[in-house]
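The values are calculated or read from the model by the stated rules, or taken from the named source; none is laboratory data. Owing to the predicted nature of the structure, the values given are computational and were not obtained by experimental measurement. Ideal geometry is used to build each Cβ from the backbone, glycine not excepted, and the neighbour counts take in all protein chains shown. All accessible areas refer to the heavy atoms of the entire protein, side chains included, with ligands and DNA or RNA removed. Shrake-Rupley method; radii C 1.70, N 1.55, O 1.52, S 1.80 Å.
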Amino acid sequence: HCTRTARPAGTAEGQLLGGGQLLGGVSAFQRHTAPLVREELARLAREGQRPTNLFLTCADSRLVTSMITSSGPGDLFTVRNIGNLMPPPGTEAACDSVGAAIEYAVDVLKVGSITVCGHSGCGAMQALLGSDRHEPGAQTPLARWLRHGRPSLARMARPEGADVSLADRPVADDLERLALVNVMQQLDHLMTHHCVARRVAEGSLSLHGMYFHVGEAQAYVLEHGSDRFSAVRPEATPVAPVTA
């Protein structure tokens, strides 16, 4: 349910939460949705969270994780950042924020699976493709963060990058190809985290790759043991994990 309530500009109420759409949406939640979920949220507040899946995806506003996964409160432990990147540990550029979320989900919450989800039209992937046009040595926060995507760019340039495919149609362009390759690269980076590698080896944690095409409203999943993403259909059955 999408709410775009117009609020008068310049009023005290209009300044709350940025006014307009956001405040109207929260108001609609309190009016329509809160009465329906209050009992379930009260249960979660008492018992604590027990999500089954860690969902690592991009911060892009067009990705609504609960919508594309049909999930509700307590189902997903979600980590979002520019480009759905998973920096490997133990390097100068390692990111404690993302690493801490992985450690907490795997060791404390004991999630049973981790999904890395990329998407079409990703601004981070576009920036990486155009990185040769950037000023050398640029040190803005965004430029520093995008360094974590360079292994994906390098992987796409290798023969294995050319092998990545979609089962139902050709890969549209380099932007889509890099988004797909990036999902696979971040899955590899996840396995460099000790807690992830240990749980995978024990058989208590599985890793999955996903790609969401915004314009098609279509999700694709990485097939086990391959470089191919297949479209999820309404009658789809569970997909085997990338790493057993």
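Quick notes
- Some residue of segment 202-225 being touching a residue at least 40 places away in the same chain (Cβ under 8 Å), within 23 Å of Leu63 (Cα to Cα) and more than 18 Å from the chain's Cα centre (by Cα): no
- Residue ID - modelled with the lowest pLDDT, chosen from residues in segment 138-153 that are out of contact with any helix residue (DSSP H, G or I) (no Cβ under 9 Å at 6 or more places or on another chain) and in a loop (DSSP other than H, G, I, E, B): Gln139
- Matching residues in segment 149-170 - criterion: being farther than 16 Å from Asp227 by Cβ and open to solvent by less than 20 Å² (accessible area, probe 1.4 Å): Gly149
- Evaluating Asp173 against the criteria (1) open to solvent by less than 50 Å² (accessible area, probe 1.4 Å); (2) free of Cβ contacts under 8 Å to residues at least 60 places away in the same chain leaves one unmet condition, (1).
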